[in-house]
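K.L.:
Handing you a structure now.
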Amino acid sequence: VSGLLAWVDGAVVPLVEARVSVLDQGFRTGEGVFETIRVYAGHPFRLGAHLDRAAAGAERLGFVPPDHAHLRAAVHELVAANAGVVVGDLGLRLTLTGGPLDPDSPFPGRPLGRPTVVATVQPLAIAPGIYARGITAAVVPWARELPEIKAVSYLAASLARARARELGADEALLTAGHGVVLEGAASNVFAVVDGGLVTPPLDAGLLAGVTRGVVLELAAAAGMVVRERLVTVRELCAAAEVFLTASTRELVPLVSIDGEPVGNGAPGPVTQRLLAAYRAEVARERAAATPTS
Ligand SMILES: Cc1ncc(COP(=O)(O)O)c(C=O)c1O
């Protein structure tokens, strides 16, 4: 969408003209963190959880980003700035790096000044029919480096997604060997087994998805049995239902893996119920939110 605006280190500028330095750490070494937040009619859902995760990732990478109040203000300013440009829900990407590196400093480089903060938005691009029909996945035999961090360097995930697309699938499932499933290229994975929910544990090496966290809360509140344990591709195919979670796509039924049907090959009722509960939670938080929260 032409006319979209970006937020770069305090300035709101046209997206197509937004720039960071070639010395930036994110560009030089791929170090930095990002978040993709869904903005529902002006309300960034679970912004606090996204900012917490970004701050934890930045700390792991050794830089201190601006505080939450500063980042919240940036997000709200950008959402407001784009309100007249694009209608409907948005995907908002917040990227934080250690900032420009001193070109005279030895590898891996010493920051010259302050961290870089960039926020961009794009209209949500959700393929029609994914909730009614479900999506497909292909398994790739690798995992992300430092999987607890949503790092700017997304090589393992983006190559996985590209491989899946080449194979005619929508999403890739990253694995830890022996068919053990960790997460999607840009999603977390859940299975419905014996009426309860199963999802891989964080210490297996995967992103602590914000949506994953909300689904775990909602399932517990609904009285479902929830187990965080390792799960194999074979178990996923044998499960009654499998779904993927991500901020932009919420909960999406996964109906086939490597060409094998999951369950009966169609979206199932538990996924539908949890999706409805998720959307109700979004609506509840939107209604409760003040314009600056
Ligand atoms: C590798 C990976 N796992 C999981 C997720 C889902 O995270 P969230 O629910 O916080 O969007 C993402 C989101 O893009 C991701 O990139």
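What follows draws every value from the coordinates through simple rules; no lab data is involved. Quick caveat: nothing in here was measured; it's all calculated off a predicted structure. No Cβ is skipped: glycine too gets one built from the backbone with ideal geometry, and neighbour counts run over all protein chains shown.
K.L.:
Please work out the ratio of the alpha-carbon Rg of the range 1-115 to 2.2 N^0.38 Å and round it to two decimals.
P.N.:
Dividing the Cα Rg of the range 1-115 by 2.2 N^0.38 Å gives 1.11.
K.L.:
Express the relative contact order of the range 64-185 as a whole percentage, based on alpha carbon pairs under 8 Å and six or more residues apart in sequence.
P.N.:
19 percent
K.L.:
Could you work out the relative contact order of the range 81-147? I mean the mean sequence separation of Cα pairs under 8 Å and 6+ apart, divided by the number of residues, in percent.
P.N.:
32 percent
K.L.:
Using the C-alpha gyration tensor of the chain, what are the square roots of 5 times its eigenvalues, in whole angstrom, with the largest one first? Can you show the working numbers first?
P.N.:
Values: eigenvalues 213, 105, 59 Å².
Three semi-axes, in Å: 33, 23, 17.
K.L.:
Can I ask one more? Note down the net charge around C237, summing +1 for each Lys or Arg and -1 for each Asp or Glu among other residues with Cβ under 10 Å from its Cβ. Let's see the in-between values first.
P.N.:
Numbers: positive: R234; negative: E235, D258, E260.
Result for the neighbourhood of C237: -2.
K.L.:
When the Cα atoms of the range 189-228 are enclosed in a convex hull and the volume is divided per residue, what value in Å³ results?
P.N.:
Details: hull volume 2.3 nm³, N = 40.
Dividing the Cα hull volume of the range 189-228 by its residue count gives 58 Å³.
K.L.:
Give me the net charge of R72's neighbourhood, meaning all other residues with Cβ under 14 Å from the Cβ of R72; Lys, Arg count +1, Asp, Glu -1.
P.N.:
-3
K.L.:
As a test of the formula, what do you get for the chain when each DSSP H run with n ≥ 4 contributes -39,500 (n - 2.57) and the sum is divided by the residue count, at 222 nm and rounded to the nearest 500 deg cm²/dmol?
P.N.:
My calculation for the chain gives -9000 deg cm²/dmol from helical runs alone.
K.L.:
Normalising by the residue count of the chain, find the relative contact order in percent from Cα pairs under 8 Å and 6+ residues apart.
P.N.:
Reported as a whole number, the value is 17 percent.
K.L.:
All other residues with a Cβ under 11 Å from the Cβ of A55 taken together, and with Lys, Arg as +1 and Asp, Glu as -1, what is their net charge?
P.N.:
Neighbour charge sum, excluding A55 itself: -2.
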